[in-house]
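Nothing in this text is a laboratory measurement; each read-out follows from the coordinates by a stated rule. Small disclaimer: the values here were computed from a predicted structure and weren't measured. All Cβ positions, even for glycine, are placed from backbone atoms using ideal geometry, and neighbour counts span all protein chains on display.
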Amino acid sequence: MSFFLKASRPGLWFPTIWLYMLPLGTQEFWQSWLFWAGLFYICFPLNFLIYGWNDIVDYETDQLNPRKGSFLFGAQGSKEELSRLPFAIAVVQLLSCPFFIVMEGWWMLGLFAVLALILIAYNYPERGLRSMPGLDLAAQFGYLLVVPFSIMVNDVAQLPAVTYFYLFLFAIQSQLIGEVMDIEPDSAVGRTTTATALGVRLTKMLIISIVAIETALLFLVYQDYVFGGMLGLGLIWLILDLTLIYKTQKYTLTQMRLFGWGSNGIALVSMAYVWWSGCLL
């Protein structure tokens, strides 16, 4: 069970929790048992499906990845352990997905079907989107499906189109940050990602550009200066990281762990503010 929990990468649950909470701004969500059922699903069953499947196809890369083998960054499974994942993932999905389909109808079935197609395309052996620069970023659209899932489960209003654009940038940014940390193990096994194709400097410049657009959206479109200011501070850090601090140097394992825990802390604070203010609704 410990291995299965690690495979769901609890330290990286925060993006899906953040996306799940976003449509609930100002709502007293804690009074609904369906909210808690949905929260459980996007924490474990969903992440177990996404990351567990990814671990199966990334075996060679993960064996060289110093980040793996923890609850923060995920399991570093042996071939025997990984061989048990497909059955375990299937059982967990069969015990959870039908409940939401019964509760919410055919739209929920369609959502799960789209998610499955994206995961197949992303993890397809040898020719999956995970090894195609640019398309590995486009596949992050799959994370946005957590938003309509939350809307259906919690019966709240749809989000503006510009918010989905902001969230897509958020998903791409998160993917690129992970790819920067994994450039060495990915390159060692011949895996091509956007980060390995661009190199550390250009990838960091791309991340900075994306965060700059996100910050501009918060200031100019949403006119929220608190959340925008928080993101602006993050933008300043990214610029300093590239130009003065780490530049293109490799992060140590301790530094990556600090970044991981720091990201969770920032996510918790920003999630509370976005819910309280409803600034992205």
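See the values below:
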{"read-out": "Electrostatic dipole magnitude of the chain [Cβ: Lys, Arg +1; Asp, Glu -1; Cα centre; debye, to 20]", "value": "440 debye"}
{"read-out": "Order of Ser96, Ser8, Ser83 under a 10 Å beta carbon neighbour criterion, fewest first", "value": "Ser83, Ser96, Ser8"}
{"read-out": "Cut-off of 10 Å, at most 10 other beta carbons, DSSP loop: longest stretch of the chain lacking such GluC sites (Glu not before Pro)", "value": "127-281"}
{"read-out": "Inter-part distance where segment 136-172 and segment 100-135 are each reduced to a Cα centre, Å", "value": "14 Å"}
{"read-out": "Gain upon complete extension [Ala161, Glu81; 0.36 nm per residue less C-alpha separation]", "value": "24.6 nm"}
{"read-out": "Segment 2-277: relative contact order as a whole-number percent, Cα under 8 Å and 6+ apart", "value": "24 percent"}
{"read-out": "The chain: DSSP helices with Cα axial extent of at least 20 Å and average Kyte-Doolittle hydropathy no lower than 0.5", "value": "85-104, 106-123, 161-181, 200-216, 225-240, 253-277"}
{"read-out": "Burial ordering of Val226, Val102, fewest other beta-carbon atoms within 10 Å first", "value": "Val102, Val226"}
{"read-out": "Expected 222 nm ellipticity per residue - DSSP helices of 4 or more, -39500 (n - 2.57), all of the chain, to 500", "value": "-21000 deg cm²/dmol"}
